[in-house]
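A short write-up of the structure that comes next.
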Amino acid sequence: MGIKKIIDKVKEEVKVLKGEEAKDKVYQNEQDYPDVASAQAAFEESKKKLFNVNLWSNLEGINSTFELHDDRGRKTTAVIPEMGYFVKITLPASNVTNWVNISSIRIEDNLAEFMVHPSEKPNPPTNKEEVTEHFFTKEASSTFRVELQGTRLIGSEIGKNEYINNQGEESGDRSVLNTLIAEGGWAGFQGLQWDKLTSYLVHQEEAKAE
């Protein structure tokens with residue numbers, strides 16, 4: 001890498017740390033099946049895994065805790081979420097909670113996905129200023145998707161507009177913490193977490209066991 005590219009990269013990272021620049025990231029795993037029938041059956045199972053968010057907490061190894069909450073902030077065991085539902089995410093070895101809100105759900109013949117955005121904690125006290133309880137700002141989004149292309153099953157996590165939530169009123173008193181999480185703990189763990197999840201969505205562990 002030339003010196004100009006190195007300098008440009010440093011400038012970019014400084015802007016990211018200041019919350020002035022965003023990052024887009026895509027994590028993906030896929031699995032091939034011998035015929036259309038088996039691929040379609042696997043896709044149907046993938047949809048169940050995708051939408052049953054509470055089960056994401058059971059992935060082996062170092063893993064975040066995922067809790068689905070309804071649109072009033074009550075924890076729910078629903079196996080299919082609805083628009084307006086929330087997901088509470090707690091990173092491993094941490095008591096810092098991060099909340100996202102489900103803004104869209106899409107189900108087609110060969111595709112299923114839902115999108116979330118960072119949000120405030122559901123039903124905060126009326127006398128408390130609304131603060132986005134997440135290390136990214138509300139502009140960020142994550143799309144969790146399973147897709148069938150012929151006999152190939154693809155699981156994806158698509159992150160867009162990942163601005164660090166460390167500027168202005170939206171960050172509250174979490175600006176320093178959010179920076180440390182986004183560029184520290186989460187930056188190092190993000191690839192592992194979403195690789196593990198997308199592998200789970202396309203049944204790679206089951207395929208190894210066959």
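Within the range 58-67, the set of residues being surrounded by 13 or more Cβ atoms within 10 Å (Cβ to Cβ) and over 13 Å from the mean Cα position of the chain (by Cα) comprises L59 only. Close Cβ contacts (under 8 Å, 6 or more residues apart or on different chains) running from residues in the range 79-104 that are of a type in the set (D, E) to residues that are open to solvent by less than 40 Å² (accessible area, probe 1.4 Å) and part of a loop (DSSP other than H, G, I, E, B) comprise E82/D70.
The numbered conditions (1) in contact with a helix residue (DSSP H, G or I) (Cβ under 7 Å, 6 or more places away or on another chain); (2) open to solvent by 40 Å² or more (accessible area, probe 1.4 Å); (3) at pLDDT 90 or above are all true for D35 except (1). Contact annotation: no residue pair with Cβ atoms under 8 Å, 6 or more positions apart or on different chains, pairs a residue in the range 61-78 that is closer than 11 Å to P122 by Cα and among the aliphatic types (A, V, I, L, M) with a partner that is open to solvent by 30 Å² or more (accessible area, probe 1.4 Å) and modelled with pLDDT under 95. The criterion of being at pLDDT below 95, surrounded by fewer than 16 Cβ atoms within 10 Å (Cβ to Cβ), in a helix (DSSP H, G or I) and out of contact with any Asp or Glu (no Cβ under 7 Å at 6 or more places or on another chain) holds for V10.
Taken together, E67, E82 contain a single residue that is in a loop (DSSP other than H, G, I, E, B), under 19 Å from S119 (Cβ atoms) and not hydroxyl-bearing (S, T, Y), which is E82.
The values are calculated or read from the model by the stated rules, or taken from the named source; none is laboratory data. Just so we're clear, the structure is a prediction, and the values are computed from it rather than from any experiment. With ideal geometry, Cβ positions are generated from the backbone for all residues, glycine too; neighbour counts draw on all protein chains shown. Ligands, DNA and RNA are excluded from the accessible area calculation, which covers all protein heavy atoms including side chains. Shrake-Rupley method; radii C 1.70, N 1.55, O 1.52, S 1.80 Å.
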